[in-house]
1. When a footprinting reagent is the concern and you count Cβ atoms within 10 Å, what order do B:M33, A:M87 take, fewest first?
2. Cross-link partners among aspartates and glutamates for B:K53, C-alpha distance below 17 Å, same-chain residues fewer than 8 apart left out?
3. Over the stretch A:30-153, what is the relative contact order in percent, taking alpha-carbon pairs closer than 8 angstrom and at least six residues apart?
4. Please arrange A:K2, B:K53 by how many other C-beta atoms lie within 10 Å of their C-beta, fewest to most.
5. Just round it to a whole percent: the fraction of Cα-Cα distances in the stretch A:2-217 exceeding 23 Å.
6. Mean Kyte-Doolittle of at least 0.5 and a Cα length of 18 Å or more along the axis: which whole DSSP H helices of chain A meet both?
7. What number, rounded to the nearest 500 deg cm²/dmol, is the helix-based mean residue ellipticity at 222 nm of chain A, given -39500 (n - 2.57) per DSSP H run of at least four residues and division by all its residues?
8. Rounded, prolate or oblate, given the Cα gyration tensor of the protein assembly as shown, with a/c below 1.5 counting as rounded?
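Here, each number is a calculation from the coordinates, and none is a lab measurement. Please read all numbers here as calculations on a predicted model, not as lab measurements. FYI the Cβ positions are ideal-geometry reconstructions off the backbone, even for glycines, and counts take in every protein chain you see.
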Amino acid sequence: MKALLIRDLTLAFRAGGGFGLALAFFLLVAVIVPLGVGPLTEILGRIAPGILWVGALLACLLSLDRMFALDYEDGSLDLLATSPMPMEGVVGVKALAHWLVTGLPLTALSPLLGLMLNLPGPGYPWLILSLLLGTPALSIIGAFGAALVVGVKRGGLLLSLLVLPLYLPTLIFGAEVVRRGALGLPVQTPLLLLAAITAGSLGLLPYAAAAAIRICLR
Amino acid sequence: MSLWEYANPARFMRLTERMLPVLGALAVLTVLMGVIWGFFFTPDDYKQGSTAKILYIHVPSATMAVSAWFMMLAGSLIWLVRRHHVSALAAKAAAPVGMVLTLIGLVTGAIWGQPMWGTWWAWDPRLTSFLILFLFYLGYIALWEAIEDPDTAADLTSVLCIVGSVFAVLSRYAVNFWNQGLHQGASLSLDEKENVSDVFWIPLVIAIVGFGLMFATLVLVRTRTEIRLRRASALMSRQRRA
């Protein structure tokens, strides 16, 4: 498992692996939105929680299609399937690697972008906490979507269509945490619900994703 | 006699061939009865006037749009557990019907909302969750279309349908949390005292039953088409091999 994780991380960091791509995309979203809606700070401050969460979500989506597809094409997914490690574990490790190269850096970068979008002061700890709690769910849900389209040639667009509706509850609660935090309102309810979604997805979706991969490899 | 006998496609075809004319006639009759009764033989609403009459299309199609997804869920589960092809094909056949019903619910809602709420669209929980349901239908149909091998497609769409159901229900409650609604609450429940008056209730129930029968008819016709398609492609591949 460790070897697989290290392999995936190395592949991601080497040239063309897509590390940094998600970060650059996240940055781009934060640059594009003020250009689109105008530089008024109070408007930007109000929409900042939503923009940051939508940006993080789209950035996560960007690198999903290569999660299993490359391994499927060169046959290493077949090798992994015949290895003693259960497919659920493979999915979990892949999702973890995806999170380490997208979710975690996104979370680290988010306060800076919050600053650029004039997010009110009390919102920052909640922004970091909600992204830290929510992005693992994005990775594992994305792994499920990627597993569904693993056998489809050029499934990238289809993947977004499948995964985005599944992302909606996470987005709603995540952005709500930041919005309430920024206004100084109590955040406990959405935060707990967000944590519940993450815990539920992490617990159940590896089985669904592994089932989908087994079907594709049959 | 067990229900599972009709999992045999040949038996299914024979049964539905006999059933369809009756079912179709009943569906046309009840839909027409419910809608015409609702449109012409009910008093105008005291506040909304005759705009409220779109109710007799809006509510039945919305009800059936949700029911269709549950039917697909049942079909997917039966396919995964018992591997009956008819079940998977019925789920596939139901998806476009459900999607169109969702669209009808959204469009009639918009037409109704314009004079009543003063807006075509509001980010109300019910409206939003219906839009999300529409996206789920789109994804499900797209996945069926994308995969060539029919058994793989049936398996994967079934898994998607199960996971999607969980997330669709989750979204339904998440959007409640996210925004307060303009849409009225339930007024057809069997367990509540405050319901819509009988004058409106009876034609509405007839219309809902009619839409249900119409849905069943359409799904059966489409399932028969799918079975014939499957048969045709099997024959063609046999011919190619010979």
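1. B:M33, A:M87
2. B:D44, B:D45, B:D198
3. In percent, rounded to a whole number, it is 41.
4. Ordered by Cβ neighbours within 10 Å, fewest first: A:K2, B:K53.
5. Percent of Cα pairs beyond 23 Å in the stretch A:2-217: 45.
6. Correct list, ordered by number: A:21-37, A:41-62, A:104-116, A:123-148, A:156-183, A:188-217.
7. Rounded to the nearest 500, the figure is -27000 deg cm²/dmol.
8. oblate
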